[in-house]
Structures are given as structure tokens and as C-alpha cells.
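Structure record follows, encoded as C-alpha cells.
Values quoted throughout were computed directly from the atomic coordinates according to the rules given, and no laboratory measurement underlies them. All figures in this text were calculated on a predicted structure; none of them were measured in a lab. When we count neighbours, we look across all protein chains shown, and the Cβ atoms used for this are built from the backbone with ideal geometry, even at glycine.
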Amino acid sequence: MSNVYILGSGAMGCLWASYLSQYHNVSFIKRRAIGEQYEFTYQPNNKLIRCMCYDAKTLSRPINRLILATKAYDALDALKPITHLLAEHTEIVLLQNGLGSQQEIVKHFPHLTIYACSSTEGAYKPDEHTLVHAGHGLNKIGALTQSANFQSLQSWIPNQFILWQDSIEAILWQKFMINCAINPLTVIYQCANGQLLKNSDYHQHLKKICVEIDIITTAKGYQLTSAYELARKVCEVTAENFSSMLQDARNHRHTEIEYMTGYLLKESARLKLECPNNQTLYSAIQQA
């Protein structure tokens, strides 16, 4: 069994630990390693997952395979303390929401083998030591650097957990469109996803946001389903769910707005296009 390391012990980090722990020695890397083990119960199977736990100071062996499962705003900074452990052949899978953090990491580590994942898995942690796999989805993965390829990825991630994409950029953008459409509005209106369709005022606001997202999407050369149609379908399927951004805001945690609407506005400025509704939305989240 080889060694796989996971940076980030939130829901997605633990979900990937549950995938890989039967095939590899999986260890978490935390800011501070408290004890030598980290364990959690995978639900609904009530399966106990035990992993080793390290921090940057207690880990000395090279990292060859790494899952980066932090929030987007923490992603690059989380890698910096372990830079000396990343070899030229290190493979990293990025699980971040939004866009921008992936590009930052590739810019800082262009020599590494880097993949990005767009996931529709549903998972959450009601407490530190419990993972609830609430809905099975797809993990679409593709290459971000030249050395990344499906054959190499298959050598350590079993096919049943991933769906390879020859062009991951369009897949990442499509999920980005959905995040930009839904997440900020749920914070503004303090509502579950489904309310964006049921409340007429919220619904009209959603449509205005989506029109601007489509303008940027088209300008970037993507031919994708409209942002409204994508968002509508997700709101219907996840009607009772609260977005990750709303959960972060309610728990007084930093949100990923910079890597969603913030990144959209950077792209609109680069393309010299106007996005007044998204600009207003971004400013409102920043001031909340």
C-alpha cells in the first residue's frame, strides 16, 4: 500500500479518505497534529475510518500523492508549509469550489502533476468525527498541468470513484456558473436553495444574475447550457439544502465569494464587459 495525504479534514477531505483508505495508507495533514490518529464514522454505513495525522513539522517523508480538500481561500497557503516535501513527481488533486485558487496553485507549482476535480457528491459533517454521505454524485477529474494524465491517476485512484475529463476547464466553469448563481443569493436572502424558485422576487433576481453569467460564458468561448437552466435544476433537486456559502456566513466563517462572484467580476473586467447585478451582489456579500 502506498501513502496518500489529505490536506483538509472537512466533509470532502473525509469523503476522499473513505474512498482511498481501503487501498492506501491515508494520512491527514493538519495545522496542528493532536495525537497520532484521526478517526471518523462514515454514515450511513456506520463504518469507522482511522487515519494517521501529521502537521508540517512532524511529517518528514516526501509527499507523492496529495488530495487538497481545503476551502478555496486556504488552498495555496495550506501548501506552502509542506513545499519542501513536494517532489517533482508529486501528484495533487484539487477539490476546491469556485475558480481562481486552481490557477494560483498551478502558477506557483507549474512543475507538479496537478489535477482538478468538479464534484457533485453530497456530504457533510454534523460533528468533527462523523461524516454523512448524503448523496452519491460524480467526481469529474482532468489535467491542469502537462504532466497530469489519466493513466498516472488510475495508478492510485480507482476508476469507480472518478470520471476522467479530457478538458476539465469547461466542467469547472459549468459548476462555477451554478455556484455564482445560487450561493450568493442564498446568503442575501438567508434561504434554502429551493426558495430562489418559489419566491417571485428571489426568482427574478436569480434570472438577472444568470443573464450576466451567460454573457461572460459566451465571451470566454464556452458553449454550455444557460446559467439559469443549470441553476434551476440544482435548486429543484436540492430544494431543502442550504448552500455552503450560507452555512459559512451563518457560522461567521470566511466565505468563498472571492472565488465565485469575485472571480466572475475579474473575468468581466478582463473582457471589458459590464456585470452590474453581480457587482451589487458581490458588494452586498462583502458588507454582510
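Between segment 158-182 and segment 221-275, what's the alpha-carbon centroid distance in Å? Centre-to-centre distance over Cα atoms comes out at 14 Å.
Taking the number of Cβ atoms within 10 Å of each Cβ as an exposure proxy, the fewest-first ranking of D55, D201 is D201, D55.
What the Cβ-Cβ distance of T225 and E104 gives, at R0 = 35 Å and to the nearest 0.05, is a FRET efficiency of 0.80.
Note on R32, R253, R232: ascending count of other Cβ atoms within 10 Å places them as R32, R253, R232, the fewest first.
Ranked for footprinting exposure by Cβ neighbours inside 10 Å, fewest first, E229, E128 give E128, E229. Taken one residue at a time, the phi angles of segment 210-223 give Karplus couplings (6.51, -1.76, 1.60, θ = phi - 60°) of 5, 4, 5, 4, 5, 4, 5, 4, 5, 5, 7, x, 7, 10 Hz. Gly and Pro are set to x. Across segment 113-121, rounded Karplus estimates of 3J(HN,Hα) from the backbone phi angles (6.51 cos²θ - 1.76 cosθ + 1.60, θ = phi - 60°) give 9, 10, 10, 10, 10, 10, 10, 10, 5 Hz, Gly and Pro being marked x. Across the chain, Cα pairs under 8 Å and at least six residues apart give a relative contact order of 14 percent. Match the structure shown to one of the listed values (i) 265; (ii) 118; (iii) 130 of volume of the Cα convex hull per residue in Å³, computed from it, and give that label. Only one option fits the structure, namely (iii). By the helix-only formula, in which each DSSP H run with n ≥ 4 contributes -39500 (n - 2.57) and the sum is divided by residues, the chain has a 222 nm mean residue ellipticity of -12000 deg cm²/dmol. Dipole magnitude for segment 93-203: computed about the Cα centre from +1 point charges on Lys and Arg Cβ and -1 point charges on Asp and Glu Cβ, it is near 100 debye. Think of each Lys and Arg Cβ as +1 and each Asp and Glu Cβ as -1; about the Cα centre, that makes the dipole of segment 1-131 roughly 160 debye. Taking every alpha-carbon pair under 8 Å whose residues sit at least 6 apart, segment 3-166 reaches a relative contact order of 20 percent.
Around the Cα centre of segment 77-143, unit charges on the Cβ atoms of Lys, Arg, Asp and Glu (plus for the first two, minus for the last two) sum to a dipole of about 160 debye. Cross-link list K71/K140; K107/K266; K80/K220; K30/K125; K107/K175; K140/K220: which exceed 24 angstrom alpha carbon to alpha carbon? As for pairs spanning more than 24 Å Cα to Cα, those are K80/K220.
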